[in-house]
Amino acid sequence: TAERRKEAVVVAPEMPPFDYVPPPYNGPSGDEIMAKRKEYLSPSVFHFYKTPLHVVEGKMQYLYDDKGRRYVDAFGGIATVGCGHCHPDVVAAIVEQTKKLQHSTVLYLNSVITDFAETLASKLPGDLKVVFFTNSGTEANELAMMIARLYTGCHDIISLRNGYHGNGAGTMAATAQSIWKFNIVQSGVHHAMNPDPYRGVFGSDGEKYARDVQDIINFGTSGNVAGFISEAIQGVGGIVELAPGYLSHAYNIVKNAGGLCIADEVQAGFARTGSHFWGFENQGVVPDIVTMAKSIGNGIPLGAVVTTPEIAQVLTRRNYFNTFGGNPVCTAAGLAVMRVIEKEKLQQNAFEVGNYLKERLNGLKDKYELIGDVRGRGMLLGVELVTDRKLKTPAKAEIVHVMDQLKELGVLVGKGGYYGNVFRILPPLCFTKEDADFLADAMDYSLSRM
Ligand code: PLP
């Protein structure tokens, strides 16, 4: 059969060479860790694979397990390790700062914190220059929504269906996927139609989807709103790049209703999309507030909210404080991240290798019916698996199988989307063309065996 012919030609690929051999691992076994995990970690903690992966070391775009086996990490710690696992410059900055001053709050002066704030501001357009540091993306989005509410005196926030903004009370309300929400009282958030070019009713017409924002304002609010929050490319939602032109139309509508526009750059920021440093720049808009986390500290817990001096004034009405926000070790990591992105031209690499990988994945789409869509930008790519291309039936069981097979070959990818049928490919930005080929060949091999 055709399937058998395919099987005959696709051979298991070899991982690109890499000049590092980890020392033997002598710690607790995966089974021992698993037993402890079951007893002591929250039962909400889940893992991806049939046999959980026990990672003991990370080096740039690779992870090593307890047997010393190397994996291409195309999930990149969920888009956190933009510079690569344990990048030597970032590690050196962390170690040096830890020895000097491990903690200081913003109650005292410290140049690391202000230097990093200045560096972030220099990367943002317009008057976006006042930084408030947090420890996570959730905290950053909670604060951003609070600022919008304080500034406008309104309570209503609009976010997008299928968006993900965190797991706090307010951010869970803004998140619009039932699988990430608990049934607790949350108010004041309206969810607009998602400008999803693959599954949405208006295809790639961003303007048509934006009309729903106007409808929500007209029929669901008093006519004024506090703000609008969205990702430019939805990450957890399955790498959905908003239809072209959507944000500029939506932002205009929101501004006319007195609201502030919040760009959630937690996943798409820090050069990941390749074409621009920030995801929102791909839509040609300038937000009023930008939130960030993940790649900002190359995996070190850090988040930030950046807004204009005028809007930031609202936080002077009361005391507002965050004990760890802007911790000098984290901000030293942040400074090192910015230097590495510049020095190693990671944005350019994300663009070039990302485009190449997307092309390879599109080639697989031509070959396998199971691939319904390939999308995204730079090092933020999605591959949606469907059992029926016309009906777009999510291939939920198949993706689990392919993902396990990829792991066996030495490739780690993420999985997401509401139906859990989208591969999320978010490698460190130092990912090479050889890594991209290996990933695509491994996917080819795995799909040929379905
Ligand atoms: N916003 C986006 C776009 C995210 O992808 C995430 C996490 O996945 C968050 C916010 C929440 O960030 P954190 O998990 O750091 O709280």
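Numbers for the structure displayed
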item	result
The one condition in (1) assigned to a loop (DSSP other than H, G, I, E, B); (2) surrounded by 18 or more Cβ atoms within 10 Å (Cβ to Cβ); (3) among the β-branched types (Val, Ile, Thr); (4) more than 16 Å from the ligand (Cβ to nearest atom) that VAL81 fails to fulfil	(4)
Hits in segment 116-145 (condition: within 16 Å of the ligand (Cβ to nearest atom) and among the hydrophobic types (A, V, I, L, M, F, W, C))	PHE132, PHE133, ALA140, LEU143, ALA144, MET145
Qualifying residue in segment 386-399 (condition: modelled with pLDDT of 95 or more, in contact with a helix residue (DSSP H, G or I) (Cβ under 8 Å, 6 or more places away or on another chain) and buried (at least 22 other Cβ atoms within 10 Å of the Cβ))	no
Given (1) of a type outside the set (Val, Ile, Thr); (2) within 16 Å of the ligand (Cβ to nearest atom); (3) surrounded by fewer than 24 Cβ atoms within 10 Å (Cβ to Cβ), number of the condition GLY297 does not satisfy	(3)
Scan of segment 390-433 for residues that are more than 23 Å from the chain's Cα centre (by Cα) and closer than 20 Å to GLY58 by Cα, ordered by number	GLU408, LEU409
Checking CYS261 against (1) under 22 Å from THR171 (Cα atoms); (2) away from the ligand (no atom under 16 Å from the Cβ), the condition it does not meet	(2)
Selection within segment 204-240 - surrounded by 18 or more Cβ atoms within 10 Å (Cβ to Cβ) and polar (S, T, N, Q)	THR221, SER230, GLN234
Restricting segment 310-348 to residues that are in contact with a Phe, Trp or Tyr (Cβ under 9 Å, 6 or more places away or on another chain) and part of a loop (DSSP other than H, G, I, E, B), the residue that is surrounded by the most Cβ atoms within 10 Å (Cβ to Cβ)	ASN327
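The values are calculated or read from the model by the stated rules, or taken from the named source; none is laboratory data. Since the model is a prediction, treat every value here as computed from it, not as a measurement. Every residue, glycine among them, receives a Cβ derived from its backbone with ideal geometry; neighbour counts consider all protein chains shown.
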